[in-house]
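Asker: The structure follows.
The values are calculated or read from the model by the stated rules, or taken from the named source; none is laboratory data. A quick note: this is a predicted structure, and the numbers were derived from the prediction, not measured. Here the Cβ positions follow ideal geometry from the backbone for every residue, glycine too, while neighbour counts run over all protein chains shown.
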């Protein structure tokens, strides 16, 4: 299984600011997935990030709010822009395994005041 | 639209008291059903993949089974360290690489 590192692990931010979350994988992967887990909720896919192309966003998520970069096959960033308290969540980076499963990073816990 | 429903939302067991968690799903063309364990403040940890009805997978005190409409995670003689949230997810043929997750069952095992 891949080893996935996320930074920061947690942060407290002020309303109206933006935060960029980094995801580093120890092997080259084609697809990387960004999920959000709101307090007490399950995981919701934000977008799929493919190297060399624009990210594909799920319904309810837009590029202006959650811009994603994918400069190479081992790295991706997710930015949460113009944050509000409703953006307080755990943001998770994940990559696919050989048999369809996903492996997740430890997550980035974001609190917006 | 692919959908996953887990029950119960929360389960309290005494150490050694066996039980089962349910995951009901509707999906167009099941490519895989996945079970994860999530500890507080951590990312989900992969446990099992099931592909077809009748399939079973085991790992220590956990056994996952699959039918055409649901999956069960059986926990035999649980220990306090089994306390966690257990998540079920499906991968359907209409969603390349994407998993749809249920709400999870939070298990607490008391000594």
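Asker: Restricting to the stretch A:6-20, name every residue that is away from chain B (no Cβ under 11 Å) and more than 11 Å from the chain's Cα centre (by Cα).
Answerer: Correct list: A:8, A:11, A:12, A:13, A:14, A:15, A:16, A:17, A:18, A:19.
Asker: Just to confirm my filter: which strands (runs of 3 or more DSSP E) fall fully inside the stretch A:21-113 and include at least 3 residues that are within 14 Å of chain B (Cβ to nearest Cβ)?
Answerer: A:31-37, A:43-50, A:89-96, A:102-104, A:108-112
Quick grid of which residues meet (1) surrounded by fewer than 18 Cβ atoms within 10 Å (Cβ to Cβ); (2) in contact (Cβ under 8 Å) with a residue 40 or more places away in the chain; (3) assigned to a strand (DSSP E or B):
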residue: B:22; (1), (2), (3): yes, yes, yes
residue: B:33; (1), (2), (3): no, yes, yes
residue: B:43; (1), (2), (3): no, no, no
residue: B:48; (1), (2), (3): no, no, yes
residue: B:58; (1), (2), (3): yes, no, yes
residue: B:78; (1), (2), (3): no, yes, no
residue: B:86; (1), (2), (3): no, yes, yes
residue: B:90; (1), (2), (3): no, yes, yes
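Asker: Could you please find all residues in the stretch B:99-108 being surrounded by fewer than 20 Cβ atoms within 10 Å (Cβ to Cβ) and either within 11 Å of chain A (Cβ to nearest Cβ) or out of contact with any strand residue (DSSP E or B) (no Cβ under 7 Å at 6 or more places or on another chain) (or both)?
Answerer: B:103, B:106 - these are the residues of the stretch B:99-108 that are surrounded by fewer than 20 Cβ atoms within 10 Å (Cβ to Cβ) and either within 11 Å of chain A (Cβ to nearest Cβ) or out of contact with any strand residue (DSSP E or B) (no Cβ under 7 Å at 6 or more places or on another chain) (or both).
Asker: Of all residues in the stretch B:60-76 being free of Cβ contacts under 8 Å to residues at least 40 places away in the same chain and not in a strand (DSSP E or B), which is farthest from residue B:109 (Cα to Cα)?
Answerer: Out of the qualifying residues, it is B:68.
Asker: Right, here's the next one. Regarding residue B:98, is this residue closer than 19 Å to residue A:92 by Cβ, over 13 Å from the mean Cα position of the chain (by Cα) and not in a strand (DSSP E or B)?
Answerer: Considered against the rule, which asks whether it is closer than 19 Å to residue A:92 by Cβ, over 13 Å from the mean Cα position of the chain (by Cα) and not in a strand (DSSP E or B), residue B:98 comes out as yes.
Asker: Just checking, how many residues over the stretch B:17-36 are modelled with pLDDT of 95 or more and more than 11 Å from chain A (Cβ to nearest Cβ)?
Answerer: 9
Asker: If you check B:40, B:111, B:78, which single one turns out to be farther than 20 Å from residue A:1 by Cβ and within 11 Å of chain A (Cβ to nearest Cβ)?
Answerer: B:40
Asker: Do you know which residues across the stretch B:48-65 are within 14 Å of chain A (Cβ to nearest Cβ) and either under 14 Å from the mean Cα position of the chain (by Cα) or at pLDDT 95 or above (or both)?
Answerer: B:48, B:49, B:50, B:51, B:55, B:57, B:59, B:64
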